[in-house]
Amino acid sequence: MEHLKNSAAAICAVSAGVCLIGGLTSGTRLRKQMKVLLDLIFAAVIISPFISGGLDLELPSPDEYDISGFGEASAIYNDALRKQISYNISEVLLGQINSSGIACYKIETDVNISDDGSISINRVILIADDFEKAAEIVRSSLGQDTEVVNENG
């Protein structure tokens, strides 16, 4: 690790030197020659750790990470995703019902997301002036086997 720090410091120092000398020689005849020379020095400084074999980078194995703390974050994300999908589907259905001339006062969609990411709509709860027509619109959009429940009774 110490060798890596030294290499990074050398690269930074050479980079600063390249910029400084490049600024000093701008507008002179030496500019192109100095640029080639400094680029060669810069390349040598970058390549030297790899040639000398001083860099032995060891990546940690995946078994060393503790992923037990991510379960709660994943559950919170999945719950928020389920609520957002439910809201979006409810808004689309509400728009379809209202555009057909039926007053719909409440629509709630019960959504489940499986482990493989597929979305299933279990049930739709409605409060509408004409429940039967609203339920038919929902079934035509989501499938005939979708359970539509009248919350009014």
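Taken residue by residue, the stretch 86-101 has at least one member that is open to solvent by less than 100 Å² (accessible area, probe 1.4 Å), more than 30 Å from S118 (Cα to Cα) and modelled with pLDDT of 80 or more. Within the bounds of the stretch 109-120, is there any residue that is over 25 Å from the mean Cα position of the chain (by Cα) and either part of a strand (DSSP E or B) or among the β-branched types (V, I, T) (or both)? Within the stretch 109-120, one or more residues are over 25 Å from the mean Cα position of the chain (by Cα) and either part of a strand (DSSP E or B) or among the β-branched types (V, I, T) (or both).
The set of residues in the stretch 94-145 that are under 18 Å from K83 (Cβ atoms), in contact with a helix residue (DSSP H, G or I) (Cβ under 7 Å, 6 or more places away or on another chain) and of a type in the set (V, I, T) comprises I107, T109, V111, I113, I119, I121, V124.
Within the stretch 37-58, is even one residue at pLDDT below 80, more than 25 Å from A13 (Cβ to Cβ) and not basic (K, R)? For the stretch 37-58, residues at pLDDT below 80, more than 25 Å from A13 (Cβ to Cβ) and not basic (K, R): present. Selection of first residues in the stretch 28-40 that are open to solvent by 100 Å² or more (accessible area, probe 1.4 Å) and of second residues that are in a helix (DSSP H, G or I), restricted to Cβ pairs under 8 Å at least 6 apart or on distinct chains, gives the following pairs, ordered by first then second residue: R31/G22; K35/G22.
The set of residues from the stretch 4-23 being small (G, A, S) and surrounded by 13 or more Cβ atoms within 10 Å (Cβ to Cβ) comprises S7, A10, S15, G17, G22.
The values are calculated or read from the model by the stated rules, or taken from the named source; none is laboratory data. This one's a predicted model, so the numbers in the text were calculated from it and none came from an experiment. Because the Cβ atoms are built from the backbone with ideal geometry, glycine has one as well, and the counts that use them run over all protein chains shown. All accessible areas refer to the heavy atoms of the entire protein, side chains included, with ligands and DNA or RNA removed. Shrake-Rupley method; radii C 1.70, N 1.55, O 1.52, S 1.80 Å.
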